[in-house]
């Protein structure tokens with residue numbers, strides 16, 4: 001079976017960008033009354049939520065490939081908890097907004113509630129991204145370092161592994 005642990009870092013940046021840009025477009029649409037901005041914010045929220053689901057499951061798969069111990073284990077657990085919270089908030093924001101649009105109630109007080117939930121989701125996604133960055137840059141989770149020669153070893157997840165020469 002092919003190693004799919006590399007999918008998470010490939011996927012995760014898209015929902016982060018989509019959700020942050022969608023939130024900013026939504027914020028602008030609160031003050032600049034244009035249907036285009038309102039619809040664009042909604043579409044970016046929906047596509048970002050779908051991407052967040054893909055990022056969550058690819059991250060769970062990537063975590064299965066890590067040898068977790070000590071501070072790395074703690075950091076992975078914090079990132080996973082943050083990701084789960086962010087996922088639920090973003091799904092909640094998308095479902096709530098979709099329901100409001102379908103019943104034609106996306107206005108006034110309800111619009112501000114939807115905006116607040118979206119804001120909470122973007123904050124949660126940002127927090128999750130911060131912890132994900134710590135995994136890579138502080139704990140070198142999933143990082144492989146190849147030394148110049150094919151006979152030399154490589155460092156993967158903090159341990160020296162011997163590279164085989166065919």
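Each value in this text was obtained by applying a stated rule to the coordinates, not by laboratory testing. Please read all numbers here as calculations on a predicted model, not as lab measurements. Don't worry about glycine lacking a Cβ; one is built from the backbone with ideal geometry, like all the others, and counts go over all protein chains shown.
Points to keep in mind about this one:
- Once the Cα gyration tensor of region 1-57 is diagonalised, semi-axes √(5λ) in Å: 30, 9, 6
- With coordinates expressed along the principal axes, the C-alpha atoms belonging to region 7-140 extend over 51, 22, 21 Å, beginning with the largest.
- With neighbour counts taken as other beta-carbon atoms within 10 Å, the residues 88, 112 rank, fewest first, as 112, 88.
- Here residue 77 and residue 24 are evaluated by their C-beta separation; at R0 = 41 Å the FRET efficiency comes out at 0.85.
- In this label model, residue 31 and residue 112 are separated by 1.6 nm, measuring between points 7 Å along each Cα→Cβ vector.
- A Förster radius of 25 Å, combined with the Cβ-Cβ distance separating residue 7 from residue 104, puts the computed FRET efficiency at roughly 0.05.
- The ranking of 31, 57, 23 by Cβ neighbour count inside 10 Å, starting from the fewest, reads 31, 57, 23.
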